[in-house]
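Undergrad: Can you read through this structure? Questions will come right after.
The values are calculated or read from the model by the stated rules, or taken from the named source; none is laboratory data. A quick note: this is a predicted structure, and the numbers were derived from the prediction, not measured. Note that we place each Cβ from the backbone using ideal geometry, even for glycine, and neighbour counts take in every protein chain shown.
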Amino acid sequence: MIKKLILTCLLSTLLFANQNIYTKDQLEKMIGKMVMLGFHGQKIDSNDKIYQDIKKYDLGGVILFDIDPNNKKKIKNIKDPKQLAKLTSQLQSINKTKLLISTDQEGGIVQRLKETKGFINTAKASIVATKGEFYAQNAYSKLAKVLRNGGLNVNYAPVVDLSINPNNPVIVKLGRSFGKSSKEVIKYASIFTKEMKKQDIVSVLKHFPGHGSSLSDSHKGFVDITKTWQKEELEPYKYFIKNDLVDMIMSAHVVNKNLDYSLPATLSWNINTKLLRKELGYRGVLISDDLQMYAISKHYSLDDTVKLAINSGVDMLMFANQLAKPIKLETIIASVYKQVRSGQIKMYRIKEANKRIDNLLKKL
């Protein structure tokens, strides 16, 4: 009993010492690097909040959108090719450290860079898969060049969800999947990622561990795939991980009680560490889907969300700020900081996440 008490005290002392290797400023910057943040603005200068966030906290990345969802007549970030290139140049010039500048440009309904604004149109995945490999290569080559010219270096695509459920409202019905079979999805997703890589664009496979069998949309609330999910949905991830073809994966806000009885994938150690890291062998960056989506924000506080996500194995926390009231970076950092200091969030996870992000940045 005494030996056990001494060991516990020793471990606590080591944990406290490990945390205090870093100053408050250093730890806040390490946390800042783990955040992917949305903001409003088509141009920026030193007076803008996002400029200050990048400068003060070494913000890891930003996500850009075209339309302001709270007023669809207004532009949020992306107006046209010339404006986009200037904005990304402004963002990238703030710090010496490379900034991850991201968007969703899948093709079809999910295109933040729209043809009506002077960009090119890319067909949705379900159409591309019917036109053959040469068509896909040509389409995604053009898409990658547009992203590169716009100063973007991260694309939340391709979708590697399988179109298992024909009534799936958010993937299958919108034509965002390349097909029902993992073989078909792997073929076209591989073409997509190869073309992105030629232009130094990081492709983000989504939505782990699979969203194609769901009956509902995690933007709107709780999604349970326990009875519909199939093991084949892991095959694209297995392929890309085994062949070292993926640098970033996005988690899904779905519940699968066969994998984790109570937590959605984004917050689940069983799914993000046990399955993705240990069983599938993934070593790259794991980014959450938007943590302000109702599947998460309606059920978990900010403190619980960041604690569970980081401890589960998520390296980057996305707050897209698509809501009327945006969340401030200081609020996110403060929540993580206090929980690291209290031991609720493990310091080794902060260090681990930063190392993975640094390794990704070296490839850009």
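Undergrad: Taking the stretch 99-130, which residues are assigned to a loop (DSSP other than H, G, I, E, B), exposed (fewer than 15 other Cβ atoms within 10 Å of the Cβ) and of a type outside the set (A, V, I, L, M, F, W, C)?
TA: Gly118, Asn121 - these are the residues of the stretch 99-130 that are assigned to a loop (DSSP other than H, G, I, E, B), exposed (fewer than 15 other Cβ atoms within 10 Å of the Cβ) and of a type outside the set (A, V, I, L, M, F, W, C).
Undergrad: Let me confirm something: among Lys55, Lys76, Lys49, Lys29, which residue is over 21 Å from Val204 (Cα atoms), in contact with a His (Cβ under 7 Å, 6 or more places away or on another chain) and at pLDDT 95 or above?
TA: Details: Lys55 fails: in contact with a His (Cβ under 7 Å, 6 or more places away or on another chain); Lys49 fails: in contact with a His (Cβ under 7 Å, 6 or more places away or on another chain); Lys29 fails: in contact with a His (Cβ under 7 Å, 6 or more places away or on another chain).
Within the list Lys55, Lys76, Lys49, Lys29, the selection yields Lys76.
Undergrad: Residue by residue through the stretch 261-281, note down the ones that are out of contact with any Lys or Arg (no Cβ under 9 Å at 6 or more places or on another chain), buried (at least 22 other Cβ atoms within 10 Å of the Cβ) and not in a helix (DSSP H, G or I).
TA: The one that is out of contact with any Lys or Arg (no Cβ under 9 Å at 6 or more places or on another chain), buried (at least 22 other Cβ atoms within 10 Å of the Cβ) and not in a helix (DSSP H, G or I): Pro264.
Undergrad: Checking the structure you have, find out if any residue of the stretch 262-285 is in contact (Cβ under 8 Å) with a residue 12 or more places away in the chain and under 19 Å from Val172 (Cβ atoms).
TA: Taking every residue of the stretch 262-285 in turn, at least one turns out to be in contact (Cβ under 8 Å) with a residue 12 or more places away in the chain and under 19 Å from Val172 (Cβ atoms).
Undergrad: Something else about it: Hey, any hits in the stretch 180-189 for a residue that's assigned to a helix (DSSP H, G or I) and closer than 30 Å to Leu87 by Cβ?
TA: Yes, there is a match, as at least one residue in the stretch 180-189 is assigned to a helix (DSSP H, G or I) and closer than 30 Å to Leu87 by Cβ.
Undergrad: I'd like the full set of residues that are polar (S, T, N, Q) and farther than 27 Å from Val159 by Cα, limited to the stretch 93-120. Show your work before the answer.
TA: Within the stretch 93-120, the subset polar (S, T, N, Q) is 93, 95, 97, 102-103, 105, 111, 116.
Hits for the stretch 93-120 are Ser93, Asn95, Thr97.
Undergrad: Right, something else. Just to be sure before I move on: is Asp244 touching a residue at least 60 places away in the same chain (Cβ under 8 Å) and either within 30 Å of Lys86 (Cβ to Cβ) or in a loop (DSSP other than H, G, I, E, B) (or both) in the structure I sent? Don't jump to the end; show me each part of the working.
TA: Working: touching a residue at least 60 places away in the same chain (Cβ under 8 Å): no; either within 30 Å of Lys86 (Cβ to Cβ) or in a loop (DSSP other than H, G, I, E, B) (or both): yes.
No: the conditions fail for Asp244.
Undergrad: Tally time: how many residues in the stretch 89-111 are in contact (Cβ under 8 Å) with a residue 40 or more places away in the chain and either more than 15 Å from Ala144 (Cβ to Cβ) or touching a His at 6+ places or on another chain (Cβ under 8 Å) (or both)?
TA: Counting residues in the stretch 89-111 that are in contact (Cβ under 8 Å) with a residue 40 or more places away in the chain and either more than 15 Å from Ala144 (Cβ to Cβ) or touching a His at 6+ places or on another chain (Cβ under 8 Å) (or both) gives 13.
Undergrad: Go through (1) surrounded by fewer than 22 Cβ atoms within 10 Å (Cβ to Cβ); (2) at pLDDT 95 or above and name the single condition Phe16 misses.
TA: (2)
Undergrad: Let me ask another. Going by what's in this entry, would Val204 be described as assigned to a loop (DSSP other than H, G, I, E, B), modelled with pLDDT of 95 or more and under 17 Å from the mean Cα position of the chain (by Cα)?
TA: On the way: assigned to a loop (DSSP other than H, G, I, E, B): no; modelled with pLDDT of 95 or more: yes; under 17 Å from the mean Cα position of the chain (by Cα): yes.
No.
Undergrad: Checking the structure you have, find out if any residue of the stretch 133-149 is in contact with a helix residue (DSSP H, G or I) (Cβ under 8 Å, 6 or more places away or on another chain), over 16 Å from Leu84 (Cβ atoms), of a type outside the set (S, T, N, Q) and surrounded by fewer than 18 Cβ atoms within 10 Å (Cβ to Cβ).
TA: Within the stretch 133-149, one or more residues are in contact with a helix residue (DSSP H, G or I) (Cβ under 8 Å, 6 or more places away or on another chain), over 16 Å from Leu84 (Cβ atoms), of a type outside the set (S, T, N, Q) and surrounded by fewer than 18 Cβ atoms within 10 Å (Cβ to Cβ).
Undergrad: Filter the stretch 45-63 down to the residues that are aliphatic (A, V, I, L, M) and in contact with a helix residue (DSSP H, G or I) (Cβ under 9 Å, 6 or more places away or on another chain), then identify the one that is surrounded by the most Cβ atoms within 10 Å (Cβ to Cβ). Break it down stepwise before answering.
TA: Narrowing the stretch 45-63 to residues aliphatic (A, V, I, L, M): 50, 54, 59, 62-63.
Filter once more, so that each one left must be in contact with a helix residue (DSSP H, G or I) (Cβ under 9 Å, 6 or more places away or on another chain): 50, 54, 59, 62.
Working: Ile50: 20, Ile54: 25, Leu59: 28, Val62: 25.
By that ranking, first place goes to Leu59.
Undergrad: Across the stretch 312-364, what is the number of residues that are acidic (Asp, Glu) and either buried (at least 21 other Cβ atoms within 10 Å of the Cβ) or assigned to a loop (DSSP other than H, G, I, E, B) (or both)? Reasoning before the result, please.
TA: Our first condition is that a residue be acidic (Asp, Glu); within the stretch 312-364, this holds for 315, 330, 352, 358.
Cutting the leftovers down to either buried (at least 21 other Cβ atoms within 10 Å of the Cβ) or assigned to a loop (DSSP other than H, G, I, E, B) (or both) gives us 315.
Residues flagged as acidic (Asp, Glu) and either buried (at least 21 other Cβ atoms within 10 Å of the Cβ) or assigned to a loop (DSSP other than H, G, I, E, B) (or both) within the stretch 312-364 amount to 1.
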